[in-house]
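Engineer: Got a structure here, written out as structure tokens. Questions coming.
The values are calculated or read from the model by the stated rules, or taken from the named source; none is laboratory data. Every value quoted in this text rests on a predicted model; they were computed, and no experiment measured them. Cβ sites come from the backbone with ideal geometry, for glycine too, and all protein chains shown count toward neighbours.
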Amino acid sequence: MKRKFIAVAICAGLLVGCGEQANNRQAPPAPLVVTQPVTVIDYQQGKQYVGRTEAQEDAAIVAQVSGYLKERFFTEGQTVEKGQLLYHIDPAAYEAKVASANAAIAQAEAELSNAELNWQRNKNLLPKGSISQSDYDRSTATKLSAEAQLKAAKAQLHLAEVDLSHTKIVAPFTGRISDSKASLGDLVSPSTGVLTTLVSLDPIQTSFKVSERERLNLGIDTLDGAGSGSDGIEVVMSLGGGRNHSHVGEVDFIGNRIDLNTGTISLRASFPNPEHTLLPGQHVQVFLREKTPVKANVIPRRAVQSDLEGDFVMVLQDDNVAERRNVELGPQTEQGVIIHSGINADDVVLTKGLQRVRNGMTVRIEEPKA
């Protein structure tokens, strides 16, 4: 009996000791987190496409007449103005043709004058019976023939003057000229080929393709719709390395059919280029976006978590309680990721220390470092 009493006493002592140890153990501290308020930005919905720049005007300069190249009036690679003289072909042969045509006109005019005098004389003599009807008819035919000869001579003069004008090759528009493929003294002709090329640089264009769905989402329908269609769209061009073209462009061409193979439609945008920053054939990124921005909620991408239910964030509520919110993600921006739904502009989200946080859990807020 005594031994049994001692055993009971020992067990009771052990139980008391375990209870005291459990009471002395403290509950784990609340998770330490970092928070950040939701940012509201002005966002312009759009999408980026790949394109290449192209000149609005691109001309191959070719000789229209044959002759020896006498002079060149431009510096290769420089900008030339519309109407500026580029080449001069030796005009001697064509000046001679103009002089010959003028002489032919003078001769035709003299023959016409004589024919008109004879016709007028015969016209007065016919009623008197002094000449026959056949003589009168011959004088009339001679007069008409002289008139035709004069017209032909004037046409030859015009043709000679056109050929003479082609000895001076001028720039059809303002642009940057290429190197010359012909040297002074070369015999050039229409069959010689391209003497040089000229491209316009301001404005400059770029072509790209968008899908049928994207066209509908952006409302690109026509070029002249009042307050709709491409009037509500603007184009920004990225040059790479974080640099954008300093001028905003606009859509100036929309294709008239959907490509059955790709399901896309062709678009073209025009950009002011007064500084000649852009050159034809340049690889660029084209960002097609709405002109009017809308308010959008943005949070850091690290605040977004995912599980089997989808994307979610933890929002700080009263008394530092974390609440789960399922969200619909939008595109990534420089300020963060856009949230289409699930949070409000006045919410505060958790951005760090999320691993231990669960819905309804109290958290501690990390104080910002001074």
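Engineer: Within region 260-290, which residues are of a type outside the set (A, V, I, L, M), surrounded by 13 or more Cβ atoms within 10 Å (Cβ to Cβ) and part of a loop (DSSP other than H, G, I, E, B)?
Structural biologist: Hits for region 260-290 are Pro272, Asn273, Thr277, Pro280, Gln282.
Engineer: Hey, among the residues in region 119-161 that are of a type in the set (Ser, Thr, Tyr) and more than 30 Å from Tyr94 (Cβ to Cβ), which one's modelled with the lowest pLDDT?
Structural biologist: Ser130
Engineer: Report, ordered by the first and then the second residue, all pairs with beta carbons closer than 6 Å, sequence separation of six or more or different chains, a first member in region 241-266 that is in contact (Cβ under 8 Å) with a residue 24 or more places away in the chain and closer than 21 Å to Val284 by Cβ, and a second member that is in a loop (DSSP other than H, G, I, E, B) and of a type outside the set (Ser, Thr, Tyr).
Structural biologist: Listed pairs, sorted by first residue: His247/Pro272; Ile265/Gly255; Ile265/Ile258; Ser266/Gly255.
Engineer: Picking from Ala104, Ala93, which residue would you name as being farther than 24 Å from Pro272 by Cα, small (Gly, Ala, Ser) and out of contact with any strand residue (DSSP E or B) (no Cβ under 9 Å at 6 or more places or on another chain)?
Structural biologist: The unique qualifying residue is Ala104.
Engineer: Could you please find all residues in region 193-233 being farther than 30 Å from Ile169 by Cα and either modelled with pLDDT of 85 or more or among the hydrophobic types (A, V, I, L, M, F, W, C) (or both)?
Structural biologist: Ser207, Phe208, Lys209, Val210, Ser211, Leu216, Leu218, Ile220, Leu223, Ala226, Ile233
Engineer: Can you tell me which of Leu288, Leu267, Leu279, Leu350 is among the aliphatic types (A, V, I, L, M) and more than 27 Å from Gln45 (Cα to Cα)?
Structural biologist: Just one listed residue meets the conditions, Leu279.
Engineer: Here is a list: Pro331, Pro368. Which entry is out of contact with any Phe, Trp or Tyr (no Cβ under 7 Å at 6 or more places or on another chain), modelled with pLDDT under 90, loosely packed, with under 15 Cβ neighbours inside 10 Å and not in a loop (DSSP other than H, G, I, E, B)?
Structural biologist: Only one candidate qualifies: Pro331.
Engineer: Okay, moving on. Please work out which one of (1) of a type in the set (Phe, Trp, Tyr); (2) modelled with pLDDT of 90 or more; (3) farther than 21 Å from Arg176 by Cα is the condition Phe253 fails and give its number.
Structural biologist: (2)
Engineer: When you go through (1) under 41 Å from the mean Cα position of the chain (by Cα); (2) part of a strand (DSSP E or B); (3) not hydroxyl-bearing (Ser, Thr, Tyr) one by one for Val34, which number turns out not to apply?
Structural biologist: Checking Val34 against (1) under 41 Å from the mean Cα position of the chain (by Cα); (2) part of a strand (DSSP E or B); (3) not hydroxyl-bearing (Ser, Thr, Tyr), the one that fails is (1).
Engineer: Restrict the check to region 123-145 and report whether at least one residue is of a type in the set (Lys, Arg), more than 24 Å from Ile105 (Cα to Cα), assigned to a helix (DSSP H, G or I) and touching a residue at least 12 places away in the same chain (Cβ under 8 Å).
Structural biologist: For region 123-145, residues of a type in the set (Lys, Arg), more than 24 Å from Ile105 (Cα to Cα), assigned to a helix (DSSP H, G or I) and touching a residue at least 12 places away in the same chain (Cβ under 8 Å): present.
Engineer: Within region 109-134, which residues are among the charged types (D, E, K, R) and either surrounded by 12 or more Cβ atoms within 10 Å (Cβ to Cβ) or touching a helix residue (DSSP H, G or I) at 6+ places or on another chain (Cβ under 9 Å) (or both)?
Structural biologist: Glu109, Glu111, Glu116, Arg121, Lys123 - these are the residues of region 109-134 that are among the charged types (D, E, K, R) and either surrounded by 12 or more Cβ atoms within 10 Å (Cβ to Cβ) or touching a helix residue (DSSP H, G or I) at 6+ places or on another chain (Cβ under 9 Å) (or both).
Engineer: Provide a single number: the residues in region 334-345 that are surrounded by 15 or more Cβ atoms within 10 Å (Cβ to Cβ), in contact (Cβ under 8 Å) with a residue 40 or more places away in the chain and either among the aromatic types (Phe, Trp, Tyr) or closer than 30 Å to Val248 by Cβ (or both).
Structural biologist: 3
Engineer: Then there is this: Within region 292-322, count every residue that is in contact with a helix residue (DSSP H, G or I) (Cβ under 8 Å, 6 or more places away or on another chain) and surrounded by 12 or more Cβ atoms within 10 Å (Cβ to Cβ).
Structural biologist: Within region 292-322, residues that are in contact with a helix residue (DSSP H, G or I) (Cβ under 8 Å, 6 or more places away or on another chain) and surrounded by 12 or more Cβ atoms within 10 Å (Cβ to Cβ) number 2.
Engineer: Might you check whether a residue that is among the polar types (S, T, N, Q), at pLDDT 90 or above, farther than 27 Å from Arg213 by Cα and assigned by TED's automatic domain parsing to the domain that holds Arg213 occurs anywhere in region 263-278?
Structural biologist: There is at least one residue in region 263-278 that is among the polar types (S, T, N, Q), at pLDDT 90 or above, farther than 27 Å from Arg213 by Cα and assigned by TED's automatic domain parsing to the domain that holds Arg213.
Engineer: Give the residue, chosen from Ala106, Ala60, Ala92, that is surrounded by fewer than 13 Cβ atoms within 10 Å (Cβ to Cβ) and closer than 17 Å to His158 by Cβ.
Structural biologist: From the options Ala106, Ala60, Ala92, the qualifying one is Ala106.
Engineer: Follow-up. Among the residues of region 268-291, is any in contact (Cβ under 8 Å) with a residue 60 or more places away in the chain and among the acidic types (Asp, Glu)?
Structural biologist: The answer is yes; a qualifying residue exists.
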